[in-house]
Amino acid sequence: MQFLSVAFVALSSLFCVYGLAPSAIEARQAPDNIVLINSANSFCLILPRDPHTNIGDSERPGGEKTYCSTSARKSSQQGPLPDQFWRQVAYKTGKGKNGKGYAQLTGCIRPGLVDRLNANDAGGQYDSDGGTNGKGNPVGSKCIG
């Protein structure tokens, strides 16, 4: 299962399950619809496209967008995240029970550093394997490692 689950409270987790090799479809994935975890300092995640939007309210077509750390941002279609967005962050990789690799960031986020989030939002979940008919939420989103 590939998913990104972010509960915007003091402790957050960014989790990505990926296959052993990216497929041709993933190589052509829209840059504003991906999740990527390379390290504690190199990552992309999906946030509300519009400022000051609750996660649940952004879970609609066109309501989400990829935001990346400075070192992971590769396209002007991706929003920037400040380098201090995560604190006390731990990076972990491994293989799941299904044999596929995973990467995970766990730590505290600073929602006040980006105008996309509401600090009092109860959170929500973006899931690249979830949504209607398993096509992702947002639709077509991919976790690329």
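If the reach is capped at under 20 angstrom between alpha carbons, list the lysines near residue 92, excluding any in the same chain fewer than eight residues apart. Straight-distance partners of residue 92: 100, 142. For region 59-135, the Cα gyration tensor yields ellipsoid semi-axes of 22, 19, 15 Å (square root of five times each eigenvalue, largest first, whole Å). Within the full protein context, the accessible area of residue 109 is estimated at about 10 Å² for a probe radius of 1.4 Å.
Can you tally the net charge around residue 48? Count Lys and Arg as +1, Asp and Glu as -1, for every other residue whose Cβ sits under 13 Å from the Cβ of residue 48. Don't jump to the answer; show the numbers that get you there.
Values: positive: 49, 60, 65, 116; negative: 32, 50, 57, 59, 64, 115, 121.
Overall, the nearby charge balance is -3.
Over region 22-127, accessible surface divided per residue gives 52 Å², non-protein components excluded, 1.4 Å probe. Ranked by the mean number of other Cβ atoms within 10 Å of their residues, highest first, the peptides 84-94, 122-132 come out as 122-132, 84-94. Taking all protein chains together, 121, 57 sort by accessible area into 57, 121, largest first [probe 1.4 Å].
Sort 105, 113 by accessible area with a 1.4 Å probe, largest first.
Values: 105 0, 113 85 Å².
Sorted descending by solvent-accessible area, the residues read 113, 105.
Using R₀ = 35 Å, calculate the FRET efficiency as 1/(1 + (r/R₀)^6) where r is the Cβ-Cβ separation of residue 129 and residue 74; round to 0.05.
Numbers: r = 23 Å, r/R0 = 0.67.
The computed FRET efficiency comes out at 0.90.
Checking the a/c ratio against 1.5 first, then a/b against b/c, what shape does the Cα gyration tensor give for region 54-102? Note, shape of region 54-102 comes out oblate. Considering only alpha-carbon pairs that sit under 8 angstrom and 6 or more positions apart, the relative contact order computed for region 39-145 is 25 percent.
The values are calculated or read from the model by the stated rules, or taken from the named source; none is laboratory data. Quantities reported herein were computed from a predicted structural model and do not represent experimental measurements. Every residue, glycine as well, gets a Cβ built from its backbone with ideal geometry; the counts of neighbours run over all protein chains shown. Protein only, heavy atoms only, side chains kept; ligands, DNA and RNA dropped before computing areas. Shrake-Rupley method; radii C 1.70, N 1.55, O 1.52, S 1.80 Å.
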